[in-house]
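Heads up: the structure comes next, in structure tokens.
The values are calculated or read from the model by the stated rules, or taken from the named source; none is laboratory data. On a predicted model such as this, the values are computed, not experimentally measured, just so you know. In this analysis, Cβ positions are derived from the backbone assuming ideal geometry, glycine residues included, and neighbour counts consider all displayed protein chains.
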Amino acid sequence: MINNVQVLRAFAALNVVLFHTFGQTAKYGGERSALARFFGNWGNCGVDIFFVISGFIMILTQYQHPTSALEFIKDRAKKIVPLYWSISLLFILLLIFVPSAFNQAVFSWKHALTSLLFTSRPFGYDFPILDQGWTLEYEMLFYVLFGLSLSIQRVRPLVIVPLVLLCGTMLTNLNLIVMEFVFGMAVGMVYTKGWLKQAGLPLFTTGTIAILASLFFEIDMPRVVRFGIPAFFIVLGSCYLPQVQCKPLILIGSASYSIYITQALTLPAFYKAIKFTKVPINAVGPDLITTSCVVVATLVGILVYQCYEKPVARILK
């Protein structure tokens with residue numbers, strides 16, 4: 001794995017966790033922190049970076065280690081399903097046996113089943129049982145399309161996947177954000193061909209300026225333009241820059257999937273503990289509480305990665 005891509009994964013995961021922490025702080029009576037006022041919804045861009053990276057990694061992996069359609073889909077399922085199902089099943093059990101732990105959620109078997117099958121949105125649900133799973137439903141759609149395209153002819157996902165996704169956004173209510181996987185595939189094509197090798201710094205700088213501009217200026221444009229296009233330049237440029245050797249950042253990047261999924265438990269648990277111990281959020285400081293929560297969520301995610309995600313991956317390999 002390219003170190004800089006792992007660092008981008010770390011950045012993306014921390015951004016998303018920070019964004020979700022703002023909501024938890026407000027939910028438990030905390031004042032709007034300086035961090036929340038500054039970043040607002042900007043942390044959402046972490047998802048867009050994840051999507052571009054996913055498209056890139058799929059092209060790179062197939063270039064380096066070509067596999068059949070079936071093997072590709074099996075490999076992706078082994079990566080995504082175990083942890084997602086484990087945390088989702090835990091949520092399902094909590095909804096059944098401890099419904100008071102949730103303020104608004106109402107359990108239904110249809111919702112549970114469609115969530116586990118990555119199909120909750122087509123069945124009319126805004127989110128799966130595990131809220132963060134909405135991104136995984138798009139990921140799995142992309143993986144299935146990519147895998148099936150491998151069986152049609154060796155082309156080539158580079159033609160089939162973009163066409164299917166684009167038609168899907170035009171003919172259905174499929175979110176245009178799925179085109180960010182195509183941006184990632186384009187990164188993979190450029191990188192594997194060795195194009196633009198000397199342009200790493202300008203590419204990365206362009207993407208960084210563009211994505212930071214959306215933090216400081218109110219930009220009214222589709223998310224795929226606001227975050228997706230800058231993410232394309234950032235990911236591509238980072239591949240050609242000197243590789244970061246910071247082990248903690250690389251570890252966070254490696255654990256980014258576990259961090260992203262387990263935050264669904266870690267964040268509410270952290271704030272319930274704050275409430276139970278009667279720690280006054282506003283007296284202590286919303287920014288300190290928010291930062292502490294992000295640190296805890298990151299550490300829990302790393303622990304789950306080391307003790308569950310990695311061992312399960314070894315067993316299934």
Query raised in the report: Among Ile129, Ile87, which is the only one that is of a type in the set (Val, Ile, Thr), modelled with pLDDT of 90 or more, under 25 Å from Lys27 (Cα atoms) and in contact with a His (Cβ under 9 Å, 6 or more places away or on another chain)?
Result: Ile129
Report task. Answer yes or no as to whether Leu212 is within 18 Å of the chain's Cα centre (by Cα), within 24 Å of Val16 (Cβ to Cβ) and surrounded by fewer than 20 Cβ atoms within 10 Å (Cβ to Cβ). Result -> no
Query raised in the report: Only one of (1) out of contact with any Leu (no Cβ under 6 Å at 6 or more places or on another chain); (2) surrounded by 15 or more Cβ atoms within 10 Å (Cβ to Cβ); (3) not polar (S, T, N, Q) is not met by Glu309, so which one is it?
Result: (1)
**Report entry** Long-range neighbours under 6 Å by Cβ, at least six apart or interchain, first residue within 21 Å of Gln198 (Cβ to Cβ) and surrounded by fewer than 16 Cβ atoms within 10 Å (Cβ to Cβ) within segment 216-245, second modelled with pLDDT under 95 and not polar (S, T, N, Q)
**Finding:** Leu241/Gly200
Report task. Tell me, yes or no, whether segment 168-176 has at least one residue that is within 23 Å of Gln62 (Cβ to Cβ), at pLDDT 75 or above and hydrophobic (A, V, I, L, M, F, W, C). Result -> no
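Which of the following residues is more than 16 Å from Ile211 (Cα to Cα) and surrounded by fewer than 18 Cβ atoms within 10 Å (Cβ to Cβ): Ala10, Ala34?
Just a single option satisfies the conditions, and that option is Ala34.
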Query raised in the report: Say we look at segment 127-154 and pick out the residues that are without any contact (Cβ under 8 Å) to a residue 60 or more places away in the chain, outside any loop (DSSP other than H, G, I, E, B) and farther than 15 Å from Glu71 by Cα; which of these is farthest from the chain's Cα centre (by Cα)?
Result: Leu141
Query - In segment 62-89, residue surrounded by the fewest Cβ atoms within 10 Å (Cβ to Cβ) [restricted to those that are closer than 22 Å to Met189 by Cα and among the β-branched types (Val, Ile, Thr)] - result: Thr67
Query raised in the report: Name the residues in segment 261-280 that are buried (at least 20 other Cβ atoms within 10 Å of the Cβ) and more than 20 Å from the chain's Cα centre (by Cα), would you?
Result: Phe270, Tyr271, Ile274
Requested in this report: Filter segment 177-206 down to the residues that are within 16 Å of Leu60 (Cβ to Cβ) and β-branched (Val, Ile, Thr), then identify the one that is nearest to the chain's Cα centre (by Cα).
Outcome: Val182
**Report entry** Sole exception among (1) under 17 Å from Ile73 (Cβ atoms); (2) among the aromatic types (Phe, Trp, Tyr); (3) more than 22 Å from the chain's Cα centre (by Cα) for Phe107, by number
**Finding:** (1)
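crowded, with 23+ Cβ neighbours inside 10 Å, out of contact with any Pro (no Cβ under 8 Å at 6 or more places or on another chain), touching a residue at least 60 places away in the same chain (Cβ under 8 Å) and closer than 30 Å to Phe102 by Cβ: does that describe Thr25?
When the stated conditions are applied, Thr25 does not pass them.
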Query raised in the report: Can you list the helices (runs of 4 or more DSSP H) found entirely within segment 177-278 that contain at least 3 residues being within 30 Å of Leu94 (Cα to Cα)?
Result: 247-254, 256-276
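Pick out the one residue from Pro82, Pro66, Pro99 that is over 23 Å from the mean Cα position of the chain (by Cα) and within 23 Å of Phe142 (Cα to Cα).
Pro66
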Report task. Please specify each residue of segment 165-189 satisfying the condition of being in contact (Cβ under 8 Å) with a residue 40 or more places away in the chain and within 22 Å of Arg226 (Cβ to Cβ). Result -> Leu176, Ile177, Val178, Met179, Glu180, Phe181, Val182, Phe183, Gly184, Met185, Ala186, Val187
Report task. Name the residue, out of Phe39, Phe72, Phe19, that is touching a residue at least 60 places away in the same chain (Cβ under 8 Å) and either under 14 Å from the mean Cα position of the chain (by Cα) or closer than 23 Å to Ile289 by Cβ (or both). Result -> Phe39
Requested in this report: Filter segment 99-126 down to residues that are in a helix (DSSP H, G or I) and modelled with pLDDT of 90 or more and give me whichever is surrounded by the fewest Cβ atoms within 10 Å (Cβ to Cβ).
Outcome: Trp109
